[in-house]
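Colleague: Got a structure here, written out as structure tokens. Questions coming.
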Amino acid sequence: MSKSEFVIELKKVSRFFGSVIAIKDIDMVVKQGECHCLLGDNGAGKSTLIKTLAGVHKPSEGEYLIDGEPVNFDSPKDALDAGIATVYQDLALVSLMSVTRNFFMGREIQKGWGPFKQFDIEKANEIARQGLADMGINVRNPSQAIGTMSGGERQSLAIARAIHFGARVLILDEPTAALGVKQSANVLKVIAKAKARGLAVILITHNVHHAYPIADRFTLLNRGQSLGSYLKSEVTREQVLEMMAGGAELEQLEADLAEFTRVDKEAS
Amino acid sequence: MTSNSVAHANKDERVRKESAIKGLLNRPELGALAGAILVFIFFGIFAGDTGIYSLEGTISWLVFSAQLGILAIGACLLMIAGEFDLSIGSMIGFAGMLLAIPTVYWGWPIEMAVLFAFVGSMLLGGINGLIVVRTGLPSFIVSLAFLFILRGLTIGIASWLTNRTIVGGIGEFSDGTFISWLFSGHILTGLFTWAANSGWIETYKDGSPVVPGIPMLVVWWIGLGIVSSWVLLKTRIGNWIFAVGGDLNAAKNVGIPTARLKIALFMFTAFCACLFATIQVMEFGSASADRGLLKEFEAIIAAVIGGTLLTGGYGAILGACFGALIFGIVSVGLNFMGVDSSWFRVFLGLMLLIAVIFNNYVRKRITEAK
Ligand SMILES: Nc1ncnc2c1ncn2[C@@H]1O[C@H](COP(=O)(O)OP(=O)(O)OP(=O)(O)O)[C@@H](O)[C@H]1O
Ligand SMILES: [Mg+2]
């Protein structure tokens, strides 16, 4: 068995949707105990990339390796079985279902024997309640439908679920987008804890204040292509910010803003 | 940390005590339960003297409810998973022929013919499901196509093979067999005979009870209801069914085998239709190409009255069974009262309308801020 230094490795992975090239020739490596941050503009292909990692999409081209071995996931279940858990941008929650049923959706814990096996709801309730409490969310009633939960509560639920089932790799697509300050801090703490436990974390965020403290490595995507990976030691916070916004555009923005102020002054 | 905040950690200050009734309102089967009670009381008052709640009357509406109930269970599970099957009624006619023709014309043993009917109809149900998940077309349309195809095939094949659309004389082959008892026999016959001998229940002149026992049809209904309800509420598969109907994409993303699950549920609906057909064929001793007409709608209506959402993701087997019970009592009750059966349809339509409006309100309560 060839043991690779990387948990996840992508070699020239592309994904097409009909004529749309969502991602093209992506190279990427993720180490154990490391947080890998994906940066890029809206529509850059970040979500497509992590959905490929999560087994939702199959790579159209290229190789996907885990522990140095090529893998071919047919469904997200295969990825989950390999210990890769994902928080999708759309959270993958069902409004009409309860907290517990959502938490264990697709991975129900069972009790009983043979054909009489059943979903162990009491134990599941307890785990779900605890998982959410760790995220700073107190659920009132884990058997209540989540339709009425706030956006942040739902996001926390999706993250708690991934933490619980992500044995090796945790993928988070904009996990802090809808969260308050306290809950965002909780998510970052959770990521730090996961790293300390030796999990690999892949994080997508548009917030440099979230990305920079926690990330060890950055990969920048632009219009479906990788503009390269950087270790944290190689880049400063300002450079990361520039990468996120697309540096040139930021300069342009500054110039535009300066122009507005000038016009304003002249008018007054 | 003060002791005050410790106390709060256990008792959330943002939980307002809701009345028990409001808690109950969150259950899908509530409307149907209330409806069934109302209907019971109504006929007790207005038809109490017609014998609707005598033993014989009770069995007659139970039988009616059980027939529809079996179909409603299948339709309900499928609807919760977000799909419809409009071919249930046609499947009943087709399955009846699958059973009758081999028995009467090809000399197959009855056991084999029954097995053939079940395998055949479940296979067709599976094909129906396969087309739905493969093409991504609404099951409404795909199963509508099957409604016509199967009904046409039933009539066509029956007249081609037998020159008629009714195949009779199955009794000759089935009478006295275990299979015949299994689908059209009675249980607790000893008890009923004993009660008849003791003069507690109505008897014919020869002393045998008017109601020989609990029909197997009713046993099937209750058994199927309990098993399906258990699967839906207590097992992993049940969780998958809710998830698939609630949000297909989410279900896929968490790795639920959505396609296989849906196909299996289409097969289960076909199973229910075939069970209905088999019981009827055994009961009447004949299969007819026009059996089961409009049953798909009645089954869907029963499920909707039972609180199942047309949009999927929410519902209850118990509710569907109560829905079927309402059907049974009202249909038989109006009949006992001598009311023209056209009024039954009016009632049905109204019930459906009320149920849909009510369900919509419940869904909003659950998914939107209160
Ligand atoms: N299933 C699909 N079919 C067709 N095109 C798709 C599909 N999924 C993604 N795309 C396209 O691929 C491109 C990349 O989308 P993706 O969701 O990966 O972007 P993103 O980087 O996650 O953006 P955001 O920051 O807004 O979340 C987009 O142009 C999108 O329209
Ligand atoms: Mg995205």
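Colleague: Test A:ALA158 against the stated conditions and say whether it is under 19 Å from A:ALA54 (Cβ atoms), within 11 Å of chain B (Cβ to nearest Cβ) and part of a loop (DSSP other than H, G, I, E, B).
Modeller: No; evaluated as a whole, the condition is false for this residue.
Colleague: I've got another one for you. If we scan region A:104-117, do we find a residue that is in contact (Cβ under 8 Å) with a residue 24 or more places away in the chain, closer than 14 Å to A:LEU53 by Cβ and surrounded by 14 or more Cβ atoms within 10 Å (Cβ to Cβ)?
Modeller: For region A:104-117, residues in contact (Cβ under 8 Å) with a residue 24 or more places away in the chain, closer than 14 Å to A:LEU53 by Cβ and surrounded by 14 or more Cβ atoms within 10 Å (Cβ to Cβ): absent.
Colleague: For region A:224-231, does any single residue satisfy the condition of being surrounded by fewer than 12 Cβ atoms within 10 Å (Cβ to Cβ) and modelled with pLDDT of 85 or more?
Modeller: yes
Colleague: With the requirement that a residue be crowded, with 24+ Cβ neighbours inside 10 Å and either part of a loop (DSSP other than H, G, I, E, B) or facing chain A (nearest Cβ under 7 Å) (or both), what does region B:256-272 give you?
Modeller: B:ILE256
Colleague: Turning to a different aspect of this structure: Among A:ALA178, A:ALA185, which is the only one that is assigned to a loop (DSSP other than H, G, I, E, B) and aliphatic (A, V, I, L, M)?
Modeller: Working: A:ALA185 fails: assigned to a loop (DSSP other than H, G, I, E, B).
Residue meeting the stated conditions: A:ALA178.
Colleague: Look at region A:49-67 and say how many of its residues are near ligand 1 (Cβ under 8 Å from one of its atoms) and either away from chain B (no Cβ under 14 Å) or within 11 Å of A:LYS24 (Cα to Cα) (or both).
Modeller: Adding up the residues that qualify gives 1.
Colleague: Another one. Could you grab me the full set of residues in region A:125-145 that are more than 7 Å from chain B (Cβ to nearest Cβ) and basic (Lys, Arg)? It would help to see each step written out before you state the result.
Modeller: Restricting attention to region A:125-145, the residues satisfying the condition of being more than 7 Å from chain B (Cβ to nearest Cβ) are A:125-137, A:139, A:141-144.
Answer for region A:125-145, where residues must be more than 7 Å from chain B (Cβ to nearest Cβ) and basic (Lys, Arg): just A:ARG129.
Colleague: Residue by residue through region A:74-85, note down the ones that are out of contact with any Leu (no Cβ under 8 Å at 6 or more places or on another chain), crowded, with 16+ Cβ neighbours inside 10 Å and at the interface with chain B (Cβ under 10 Å from one of its Cβ atoms).
Modeller: Pass one, region A:74-85, residues out of contact with any Leu (no Cβ under 8 Å at 6 or more places or on another chain): A:74-78, A:80-83.
Adding the requirement that they be crowded, with 16+ Cβ neighbours inside 10 Å leaves A:75-77, A:80, A:82-83.
Of everything in region A:74-85, those that are out of contact with any Leu (no Cβ under 8 Å at 6 or more places or on another chain), crowded, with 16+ Cβ neighbours inside 10 Å and at the interface with chain B (Cβ under 10 Å from one of its Cβ atoms) turn out to be A:SER75, A:PRO76, A:LYS77, A:LEU80.
Colleague: To continue, here is another question. Please go through region B:105-146 and pick out each residue that is surrounded by fewer than 24 Cβ atoms within 10 Å (Cβ to Cβ), part of a helix (DSSP H, G or I) and aromatic (Phe, Trp, Tyr).
Modeller: The answer is B:PHE116, B:PHE118, B:PHE140.
Colleague: Here is a follow-up. Kindly indicate whether any position in region A:175-190 is within 16 Å of ligand 2 (Cβ to nearest atom), surrounded by fewer than 19 Cβ atoms within 10 Å (Cβ to Cβ) and touching a residue at least 12 places away in the same chain (Cβ under 8 Å).
Modeller: Taking region A:175-190 as the starting set, the residues that turn out to be within 16 Å of ligand 2 (Cβ to nearest atom) are A:175-178.
Going one step further and asking which of them are surrounded by fewer than 19 Cβ atoms within 10 Å (Cβ to Cβ), we end up with A:177-178.
If we keep only those that are touching a residue at least 12 places away in the same chain (Cβ under 8 Å) as well, we get A:177-178.
For region A:175-190, residues within 16 Å of ligand 2 (Cβ to nearest atom), surrounded by fewer than 19 Cβ atoms within 10 Å (Cβ to Cβ) and touching a residue at least 12 places away in the same chain (Cβ under 8 Å): present.
Colleague: Just checking: which of the helices (runs of 4 or more DSSP H) contained wholly in region B:283-370 hold 3 or more residues that are charged (D, E, K, R) and surrounded by fewer than 19 Cβ atoms within 10 Å (Cβ to Cβ)?
Modeller: Here the list reads B:342-367.
Colleague: When you check A:SER14 against the structure, is it of a type in the set (S, T, N, Q), over 30 Å from A:ALA192 (Cβ atoms) and more than 9 Å from ligand 1 (Cβ to nearest atom), yes or no?
Modeller: Numbers: of a type in the set (S, T, N, Q): yes; over 30 Å from A:ALA192 (Cβ atoms): yes; more than 9 Å from ligand 1 (Cβ to nearest atom): yes.
Criteria met by A:SER14.
Colleague: Okay, next question. For region A:86-104, give me each residue that is in a helix (DSSP H, G or I) and more than 7 Å from chain B (Cβ to nearest Cβ). Spell out the reasoning first.
Modeller: Restricting attention to region A:86-104, the residues satisfying the condition of being in a helix (DSSP H, G or I) are A:99-103.
Within region A:86-104, A:VAL99, A:THR100, A:ASN102, A:PHE103 qualify.
Colleague: Considering (1) under 30 Å from B:LEU233 (Cα atoms); (2) modelled with pLDDT of 95 or more; (3) surrounded by 15 or more Cβ atoms within 10 Å (Cβ to Cβ), say which one B:ILE149 fails and leave the rest.
Modeller: Going through (1) under 30 Å from B:LEU233 (Cα atoms); (2) modelled with pLDDT of 95 or more; (3) surrounded by 15 or more Cβ atoms within 10 Å (Cβ to Cβ) one by one, B:ILE149 breaks only (1).
Colleague: Restricting region A:82-119 to residues that are polar (S, T, N, Q) and more than 16 Å from ligand 2 (Cβ to nearest atom), which is farthest from B:PRO28 (Cα to Cα)? Steps first, please.
Modeller: Filtering region A:82-119 for residues polar (S, T, N, Q) gives A:86, A:89, A:95, A:98, A:100, A:102, A:110, A:118.
Okay, now just the ones that are also more than 16 Å from ligand 2 (Cβ to nearest atom), so A:95, A:98, A:100, A:102, A:110, A:118.
Numbers: A:SER95: 15, A:SER98: 14, A:THR100: 18, A:ASN102: 19, A:GLN110: 25, A:GLN118: 22 Å.
Filtering first and then ranking leaves A:GLN110.
Colleague: Spot the failing condition for A:GLU34; the list is (1) within 14 Å of chain B (Cβ to nearest Cβ); (2) away from ligand 1 (no atom under 16 Å from the Cβ); (3) at negative phi, and only one is missed.
Modeller: Result: A:GLU34 passes all but (1).
Colleague: Follow-up. Scan region B:206-223 for residues that are out of contact with any strand residue (DSSP E or B) (no Cβ under 9 Å at 6 or more places or on another chain) and surrounded by 21 or more Cβ atoms within 10 Å (Cβ to Cβ) and jot them down.
Modeller: The answer is B:LEU217, B:TRP220, B:TRP221.
Colleague: OK, next. Do any residues in region A:224-237 that are away from every other protein chain (no Cβ under 14 Å) have Cβ atoms under 9 Å from those of residues that are in a loop (DSSP other than H, G, I, E, B) and within 16 Å of ligand 2 (Cβ to nearest atom), where the two are at least six apart or on different chains, and which pairs are they?
Modeller: Sorted first by the residue in region A:224-237, then by its partner, the pairs are A:GLY224/A:GLY43; A:GLY224/A:ALA44; A:GLY224/A:GLY45; A:GLN225/A:ALA44; A:GLN225/A:GLY45.
Colleague: Across region B:26-54, what is the number of residues that are within 14 Å of chain A (Cβ to nearest Cβ) and part of a helix (DSSP H, G or I)? It would help to see each step written out before you state the result.
Modeller: Applying the first criterion (within 14 Å of chain A (Cβ to nearest Cβ)) to region B:26-54 yields B:26-28.
After this cut, where a residue has to be part of a helix (DSSP H, G or I) as well, the list is none.
Final tally of qualifying residues: 0.
Colleague: Then there's this: Return a yes/no flag: does region A:52-60 have any residue that is in a helix (DSSP H, G or I), within 14 Å of ligand 2 (Cβ to nearest atom) and crowded, with 20+ Cβ neighbours inside 10 Å. So that I can check it myself, show each step before the final result.
Modeller: First pass over region A:52-60, keeping only residues in a helix (DSSP H, G or I): A:52-53.
When the remaining residues are screened for being within 14 Å of ligand 2 (Cβ to nearest atom), the result is A:52-53.
So of that shortlist, the ones also crowded, with 20+ Cβ neighbours inside 10 Å come out as A:52-53.
Yes.
Colleague: Can you work out which of the residues in region A:23-51 that are assigned to a loop (DSSP other than H, G, I, E, B) and more than 16 Å from ligand 2 (Cβ to nearest atom) is surrounded by the fewest Cβ atoms within 10 Å (Cβ to Cβ)? Steps first, answer last, please.
Modeller: Residues of region A:23-51 assigned to a loop (DSSP other than H, G, I, E, B): A:32-34, A:41-45.
Going one step further and asking which of them are more than 16 Å from ligand 2 (Cβ to nearest atom), we end up with A:32-34.
Numbers: A:GLN32: 16, A:GLY33: 14, A:GLU34: 20.
Ranking the candidates gives A:GLY33 first.
Colleague: Please determine, by comparing only the residues of region A:105-124 that are more than 7 Å from chain B (Cβ to nearest Cβ) and of a type in the set (A, V, I, L, M, F, W, C), which one is nearest to A:THR176 (Cα to Cα).
Modeller: Per the stated criteria, the residue is A:ALA124.
The values are calculated or read from the model by the stated rules, or taken from the named source; none is laboratory data. For clarity, every value in this text was computed on a predicted model and none was experimentally measured. With ideal geometry, Cβ positions are generated from the backbone for all residues, glycine too; neighbour counts draw on all protein chains shown.
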